[in-house]
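Participant: This is the structure I have questions about; it appears just below.
The values are calculated or read from the model by the stated rules, or taken from the named source; none is laboratory data. Keep in mind it's a predicted model, so treat the numbers as computed, not measured. We place every Cβ from the backbone using ideal geometry, glycine too, and count neighbours over all the protein chains shown. The area values use the complete protein model at the heavy-atom level, side chains included, leaving out ligands, DNA and RNA. Shrake-Rupley method; radii C 1.70, N 1.55, O 1.52, S 1.80 Å.
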Amino acid sequence: MSSSNVRSIDSLAAFHAALLRFSSDADQTVQEIRTFVFRAQEYFSTVQPGYWRHQSQLAERELTEAKDNLAQKRAAIRPGDRPAATEAVARVKKAELRMRFCEEKRRVLKSVAVEVSKACDDLLGPLSDVREHCETILPQAARELAVMIQQLRLYADQANHNEE
């Protein structure tokens, strides 16, 4: 029987352990990235639109109140009896500006949400591939390596036994 020069089965065993750790650590990292991606999608598709919808409602209510206040000031029967409405006019203008600002934020957010959603979808595909490697391919390689290590140990034990 020919002899083989097997010197470092322990280094293969260390590589096996490192491969399992790498697979586990990479899988955990992929899960964290997926969680971040889903949070980003939710933030731009649900949280922010809800916030700006609420802000628009508040701005609309403020504008309605400002216009009602201005209308009351201008409703006096005689022009001389009317109180000065400069503050009320300024309040209406301010409320209109706020209303336009909120609507602009909602409009911009729609396009940003589409872009973020696309970017997240583009990232989730490759992440699934990496996850498959972590859950399936790397553990399978580690199992095959463990079998080879066991065979090498049996072979080395047999070779040592034959030398004695």
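Participant: Using 1/(1 + (r/R0)^6) with R0 = 41 angstrom and r between the beta carbons of Asp157 and Ser24, what's the FRET efficiency to the nearest 0.05?
Facilitator: After rounding to 0.05, the efficiency reads 0.85.
Participant: Mind checking the angle between helix 138-163 and the chain's longest principal axis? C-alpha axes, 0 to 90 degrees, to the nearest 10.
Facilitator: The answer is roughly 20 degrees.
Participant: Computing the accessible area with a 1.4 Å probe over protein heavy atoms, can you report the carbon and sulfur percentage for the chain?
Facilitator: About 55 percent, which is the carbon plus sulfur part of the accessible surface.
Participant: Follow-up. About the Cα centre, and with charges only on the beta carbon of Lys, Arg (+1) and Asp, Glu (-1), how big is the dipole of the stretch 1-74? Nearest 20 debye, please.
Facilitator: That gives a dipole near 280 debye.
Participant: Mind checking the angle between helix 86-132 and the chain's longest principal axis? C-alpha axes, 0 to 90 degrees, to the nearest 10.
Facilitator: It is inclined by approximately 10 degrees.
Participant: Here's a follow-up. Find which of Gln140, Ala13, His54 sits farthest along the positive direction of the dipole of the chain, computed with +1 on the beta-carbon of Lys and Arg, -1 on that of Asp and Glu, about the Cα centre.
Facilitator: Selected residue: His54.
Participant: Next up: If I fit a long axis through the Cα atoms of helix 9-42 and take the longest principal axis of the Cα atoms of the chain, what angle between them do I get, 0 to 90°, rounded to 10?
Facilitator: In the chain, helix 9-42 runs at an angle near 10 degrees to the longest axis.
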